[in-house]
There are 2 protein chains.
Amino acid sequence: MLNFNFYNPTRILFGAGKIAEISQFVPQDARVLVLYGGGSARSTGTLAEVLAALGERTVFEFGGIEPNPSYETLSRAVDMARAERIDYLLAVGGGSVLDGSKFVAAAVPFEGDTWSILEKRGSNITRALPMGAVLTLPATGSEMNSGGVVTRKATHAKLAFSSPLCFPQFSVLDPTKTYTLPPRQIANGLVDAFVHTMEQYLTYPVNGLAQDRFAEGLLQTLIELAPRAMQEGEPDYDNRANLMWTATLALNGLIGAGVPQDWATHMIGHELTALYGIDHARTLAIVLPQVMQARREAKREKLLQYAARVWQITEGSDDERIDAAIARTAQFFESVGIPTRLSAYQLGGEAVDAVVKALTEHGMVKLGEQRAITPEVSRAILEAAL
Amino acid sequence: MLNFNFYNPTRILFGAGKIAEISQFVPQDARVLVLYGGGSARSTGTLAEVLAALGERTVFEFGGIEPNPSYETLSRAVDMARAERIDYLLAVGGGSVLDGSKFVAAAVPFEGDTWSILEKRGSNITRALPMGAVLTLPATGSEMNSGGVVTRKATHAKLAFSSPLCFPQFSVLDPTKTYTLPPRQIANGLVDAFVHTMEQYLTYPVNGLAQDRFAEGLLQTLIELAPRAMQEGEPDYDNRANLMWTATLALNGLIGAGVPQDWATHMIGHELTALYGIDHARTLAIVLPQVMQARREAKREKLLQYAARVWQITEGSDDERIDAAIARTAQFFESVGIPTRLSAYQLGGEAVDAVVKALTEHGMVKLGEQRAITPEVSRAILEAAL
């Protein structure tokens, strides 16, 4: 097992009706900025419920944080927070709103050009406003981690940052708040959580027995959950609860503590989103199977373990079992309606060129747990995904 | 899934050499009381390493915290901490030292009779000294939770308490610090972690998919680890690391969040320790198999799931599979040299009477997730364990 530090102070308030409890955790005299995305926070009544829970506190609102939140939009929120002397942020939405709010939390007290927070991946964050979150879309895990991803529209740069100062102080996970999500978002959540888990699992063995079992448990949960969640008539509380908690556990630092991590799929996927606007999870479904294929020798032992424990594949030669496990992975994504080919998005060889160019420009030239995914390997991965 | 709040702010510093990092987390001007147990903290060099890491800080020492730490001993530590104006505690040892230090942390600033902290199970704790921990014995999970158990020698009362103010701020988990442990302690750690997991798993299903998978993963890890850990020639780093991290995960609140919990085995076991001085883990090994047997109807669905997923028992009728799973559980304890019968400790019917009397006196009259284990059921459980 590798050495590690694990620290996650976010308080989770899980279940129907939990929004009412946030009053216990936001200071009574706080000047609160509530940040949200499109109109759904308001139309579903979640925003009203949050405002009711905040009671007599001084509250401002900032709506319109877009999917793949932009530096440009968030900078307006920073200006507003500074102007109104905001001292507490409350993010209401999915991963984009939460990621964006973390950036705002760090940027408000930041001295100098706030873009440098992203250029330095958050390492220059020394203060941040306290924040809480009300999650409405299970997928990214942002509700219980200290990182975020922000895009600069002007340059199509999509950059990740993190800081221990950016953990939400609390996050409300109320499964009923997901009831209005379209099936596309449920599918995205399933795939996002699946790939988050794989990035921390499918590397090389270091004898992290509990970490492996936990990761395999999350993957098995998502596989068990997917058909139920995609074929609901009415929204089912337990399905939504399980998706929400599983997605949180997939990226709260726990399963990755003490084991190698990959993240090449994410880095390549981020460029596809930045260039072509494909949903984050959908980019992952395109890239992951081909990363597994391209890195099958380096990942051999874990691929065999994955085949046996997650998919119960026990027949055939080592290579046949690996092939079957990769095929089952792609089939899983397709089973929830998410394509695994660039061609499904009308993208061809020119997209491969553009993504490889962007990766190179962004310094993403030695990706993966072995730092072996050079731009040439990324090209091969993308070409195999055409 | 049940509603839950989850909060665990303890920072884990995991791996060989991590004691050196504690200097980052103890205030430079702290007046530190280092608490430890018998002589092993000193003789193994761990105490010296801790003192070196604390550098120029003002440090006092309090040794002699015994297994099943006593209110009497801990009260002397409270007196010392008050006299020396201690403002930071550092516990160096196993679960007993950590549990005891949490009590000291709460008792030092407490106004009034400190025994009331235990009588009220910690609900009256409003302040506590900050504390850190250096774990030397993996078993109890105390390093990453907010609870403890303290015994009053005079009355044989063994009482649990907890408070969110009693989480260690940090805990160092250095697997090399377990190298001097005798096999008996390794066996106790394996069984303790196993039963902690079972208390939060083997109840009734509430569709907590990830919680079940995580619990099953910890049980499978302990089963895989046990023969390796018990048959080491030289201490093996990865074995110790896996035992340490698995034991922590078994009782840090995570696997029990959102699911019913039992704890009857612990409550009955505590009385066996208080009356007869049997190691905590060893009492659990006596009680758990008979709790499973006595509650097999109420626990039926989870027993079948446990049989299939943890022990891969798939042949036979439902009852045969349940019988096999209970038998395998007892065999697992016996396989690490821990008896599952009271007779192994030369205890007979008079012990049954004494434990049932103690349970009744301590209000432990409706135990288990269904509150169905009355003193009569406890008697039947103990008689079956003779």
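The values are calculated or read from the model by the stated rules, or taken from the named source; none is laboratory data. This structure is a prediction, so every number in the text was calculated from the model and none was measured. As a convention, Cβ positions derive from the backbone with ideal geometry for all residues, glycine included, and neighbour counts pool all protein chains shown.
A few notes on this one:
- Top-ranked residue of the stretch A:122-148 - restricted to ones that are hydrophobic (A, V, I, L, M, F, W, C) and out of contact with any Pro (no Cβ under 8 Å at 6 or more places or on another chain), ranked as nearest to A:Thr360 (Cα to Cα): A:Ile125
- Filtered residues of the stretch A:306-347 (kept if more than 19 Å from A:Gly269 (Cα to Cα), in contact with a helix residue (DSSP H, G or I) (Cβ under 7 Å, 6 or more places away or on another chain) and assigned to a helix (DSSP H, G or I)): A:Tyr306, A:Ala307, A:Arg309, A:Val310, A:Trp311, A:Asp318, A:Arg321, A:Ile322, A:Ala324, A:Ala325, A:Arg328, A:Ser335
- Residue ID - nearest to B:Ala274 (Cα to Cα), chosen from residues in the stretch B:315-357 that are of a type in the set (Phe, Trp, Tyr) and crowded, with 20+ Cβ neighbours inside 10 Å: B:Phe333
- Verdict on A:Gly258 being part of a helix (DSSP H, G or I), within 9 Å of chain B (Cβ to nearest Cβ) and under 24 Å from A:Gln200 (Cα atoms): no
- Just one of the listed residues (A:Leu33, A:Leu13, A:Leu47) is surrounded by 17 or more Cβ atoms within 10 Å (Cβ to Cβ), out of contact with any Gly (no Cβ under 8 Å at 6 or more places or on another chain) and within 14 Å of another protein chain (Cβ to nearest Cβ), namely A:Leu13.
- Here the condition is being more than 14 Å from chain A (Cβ to nearest Cβ) and among the acidic types (Asp, Glu); of B:Glu234, B:Glu216, B:Glu224, it holds for B:Glu234 alone.
- Given (1) away from every other protein chain (no Cβ under 12 Å); (2) in contact (Cβ under 8 Å) with a residue 40 or more places away in the chain; (3) out of contact with any strand residue (DSSP E or B) (no Cβ under 9 Å at 6 or more places or on another chain), number of the condition B:Gln28 does not satisfy: (2)
- Residue tally, condition more than 14 Å from chain A (Cβ to nearest Cβ) and over 27 Å from B:Tyr71 (Cβ atoms), over the stretch B:178-203: 10
- Positions within the stretch B:111-158 being small (Gly, Ala, Ser), touching a residue at least 40 places away in the same chain (Cβ under 8 Å) and not in a helix (DSSP H, G or I), in sequence order: B:Gly122, B:Ser123, B:Gly132, B:Ala133, B:Ala139, B:Gly141, B:Ser146, B:Gly147, B:Gly148, B:Ala157
- Filtered residue count, the stretch B:306-320, keeping only those that are of a type outside the set (Asp, Glu) and either over 19 Å from B:Gln331 (Cβ atoms) or in contact with a Gly (Cβ under 6 Å, 6 or more places away or on another chain) (or both): 1
- Unique match (being surrounded by 21 or more Cβ atoms within 10 Å (Cβ to Cβ), at pLDDT 95 or above and farther than 15 Å from A:Val134 by Cβ) among A:Ile86, A:Ile65: A:Ile86
- A:Leu243 meets each of the listed conditions (1) at pLDDT below 95; (2) within 14 Å of chain B (Cβ to nearest Cβ) apart from (1).
- Residue identified as within 14 Å of another protein chain (Cβ to nearest Cβ) and over 25 Å from the mean Cα position of the chain (by Cα) among A:Glu21, A:Glu56: A:Glu21
- Looking only at the stretch A:138-165, residues that are farther than 14 Å from A:Leu251 by Cβ and of a type outside the set (Ser, Thr, Tyr) come to 11 in all.
- Some residue of the stretch B:187-205 being without any contact (Cβ under 8 Å) to a residue 12 or more places away in the chain and either surrounded by fewer than 19 Cβ atoms within 10 Å (Cβ to Cβ) or touching a helix residue (DSSP H, G or I) at 6+ places or on another chain (Cβ under 8 Å) (or both): no
- The residues of the stretch B:86-110 that are assigned to a loop (DSSP other than H, G, I, E, B) and touching a helix residue (DSSP H, G or I) at 6+ places or on another chain (Cβ under 7 Å), listed by number, are B:Val108, B:Phe110.
- When we screen B:Leu303, B:Leu288 for residues that are in the same structural domain as B:Ala210 (by TED's automatic domain parsing), within 21 Å of B:Glu376 (Cα to Cα) and either out of contact with any Ser or Thr (no Cβ under 8 Å at 6 or more places or on another chain) or at pLDDT 95 or above (or both), the only hit is B:Leu288.
- Comparison of A:Ser116, A:Ser101 shows that the only residue that is surrounded by fewer than 17 Cβ atoms within 10 Å (Cβ to Cβ), of a type in the set (Ser, Thr, Tyr) and closer than 24 Å to A:Thr273 by Cα is A:Ser116.
- Residue satisfying condition, being charged (D, E, K, R), in the same structural domain as B:Ser171 (by TED's automatic domain parsing) and within 20 Å of B:His280 (Cβ to Cβ), within set B:Glu111, B:Glu72, B:Glu119: B:Glu72
- Positions within the stretch A:278-298 being surrounded by fewer than 23 Cβ atoms within 10 Å (Cβ to Cβ) and without any contact (Cβ under 8 Å) to a residue 60 or more places away in the chain, in sequence order: A:Arg296, A:Glu297
- Only one entry of B:Thr203, B:Thr246 meets the criterion of being assigned to a loop (DSSP other than H, G, I, E, B) and of a type outside the set (Lys, Arg), and that entry is B:Thr203.
- The residues of the stretch A:150-167 that are in contact with a Leu (Cβ under 7 Å, 6 or more places away or on another chain) and surrounded by 18 or more Cβ atoms within 10 Å (Cβ to Cβ), listed by number, are A:Val150, A:Leu159, A:Phe161.
- A single member of A:Thr360, A:Thr273 is surrounded by fewer than 16 Cβ atoms within 10 Å (Cβ to Cβ) and more than 30 Å from B:Thr221 (Cβ to Cβ), and it is A:Thr360.
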